[in-house]
Amino acid sequence: MGVGSKIRELIDYYYSKKNEKNIVPIDIPKNQNNLLENKVALIVGGTGGIGAAIAEAFIEAGAKVIISGTKEEKVKNAVEKLGDCARGIQIDLNKVGGFDNKVSQAISLFPENRIDILVNCAGVHGNQTFGSVSETTYDSVMNTNLKGMFFMTQVVSNYMKEKRIKGHILNVSSAAALKPGYTPYEISKSGVRSFTLGAAAELIPYGIIVNAIAPGPVATAMLGRKEGDTLYTDCIPAKRFATPSEIGQLAVIMVSDMCNLVIGDTFYVSGGSGTIKY
């Protein structure tokens, strides 16, 4: 390599690092209209990350929210942060047989005694490669990401049908659903995509609308990101992580009357990850 090429390489490296440092969290425009006024939403997996951001956005849009999580202490802390328009309930997605009772408890937490919106947001990654995935990890990922979602949707949609509630169900998928399924995570998220289509077809005759939102890399603890970290990443075409708030704001629109003719669709918020680049 010549001296000129080496100097050019050093200059390029300098500017790449300079640009990385200059990329800071951006302001996300917030929905100003009360799109979810008088609605009650159950957000499964709402204690942190994307779920917490969805809960916050729903409240800003006029809804009341019931958030669930596996750990009671995390549920309590999340509710305290969200304020008077939030309630919480502990739900273990591995205990499918208890879903009917848990949903009944959730319904009773607000005077409205109803659920208009279900968000299936609980998810785990697994963080293992194909050659090292254990049966325990496989079952854990599938039980949380897919099995729990299936049966929670079943219970809540049966309630909506019984009460003639023309509700919305939003499944949180992932841009990983578009990638080859070589780990339980990709396989589970591909299953979410398929299940969203099937549930949408099954429930639209009752006026229940089912869609999915599929983030790419999001600046959450699941990906090792914390508040104040740069959003820069060179692994996707958009060159930055999404923020949880961006996912929350789109989720508001997707469960509002603005999307009553969007049926069985998946909205990708991935910066091009999965859609134009694996």
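The values are calculated or read from the model by the stated rules, or taken from the named source; none is laboratory data. It should be emphasised that the depicted structure is a prediction, and the values quoted were computed from it without experimental measurement. As a convention, Cβ positions derive from the backbone with ideal geometry for all residues, glycine included, and neighbour counts pool all protein chains shown.
Tabulated data for the structure shown
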item: Any chance Lys147 is under 27 Å from Tyr206 (Cβ atoms), more than 20 Å from the chain's Cα centre (by Cα) and in contact (Cβ under 8 Å) with a residue 40 or more places away in the chain; result: no
item: Some residue of region 172-187 being touching a Phe, Trp or Tyr at 6+ places or on another chain (Cβ under 9 Å), surrounded by 15 or more Cβ atoms within 10 Å (Cβ to Cβ) and of a type in the set (D, E, K, R); result: yes
item: Per-region count, region 144-180, residues over 16 Å from Ile50 (Cα atoms) and among the hydroxyl-bearing types (Ser, Thr, Tyr); result: 3
item: Pairs, first without any contact (Cβ under 8 Å) to a residue 60 or more places away in the chain in region 192-217, second part of a strand (DSSP E or B) and surrounded by fewer than 22 Cβ atoms within 10 Å (Cβ to Cβ), C-beta under 6 Å, six or more apart; result: Ala212/Thr266; Ile213/Phe267
item: Among the candidates Gln128, Gln90, residue that is at pLDDT below 95 and surrounded by fewer than 17 Cβ atoms within 10 Å (Cβ to Cβ); result: Gln128
item: Residue check, Glu9 at pLDDT below 95, part of a helix (DSSP H, G or I) and surrounded by 11 or more Cβ atoms within 10 Å (Cβ to Cβ); result: yes
item: Residue selected from region 96-125 under the condition within 22 Å of Gly51 (Cα to Cα) and small (Gly, Ala, Ser), by the criterion modelled with the lowest pLDDT; result: Gly123
item: Per-region count, region 162-188, residues within 18 Å of Ile107 (Cβ to Cβ) and part of a loop (DSSP other than H, G, I, E, B); result: 4
item: Among (1) modelled with pLDDT of 85 or more; (2) under 24 Å from Thr144 (Cα atoms), the one test that Arg164 misses; result: (2)
item: Residue count for region 206-240, restricted to those that are over 21 Å from Ile59 (Cβ atoms), buried (at least 19 other Cβ atoms within 10 Å of the Cβ), modelled with pLDDT under 95 and out of contact with any Phe, Trp or Tyr (no Cβ under 8 Å at 6 or more places or on another chain); result: 1
item: Pairs where the first residue, in region 243-267, is within 17 Å of Asn33 (Cα to Cα) and in contact (Cβ under 8 Å) with a residue 60 or more places away in the chain and the second is of a type in the set (Gly, Ala, Ser) and assigned to a loop (DSSP other than H, G, I, E, B), C-beta under 8 Å, 6+ apart; result: Val252/Ala61; Ser256/Ala61
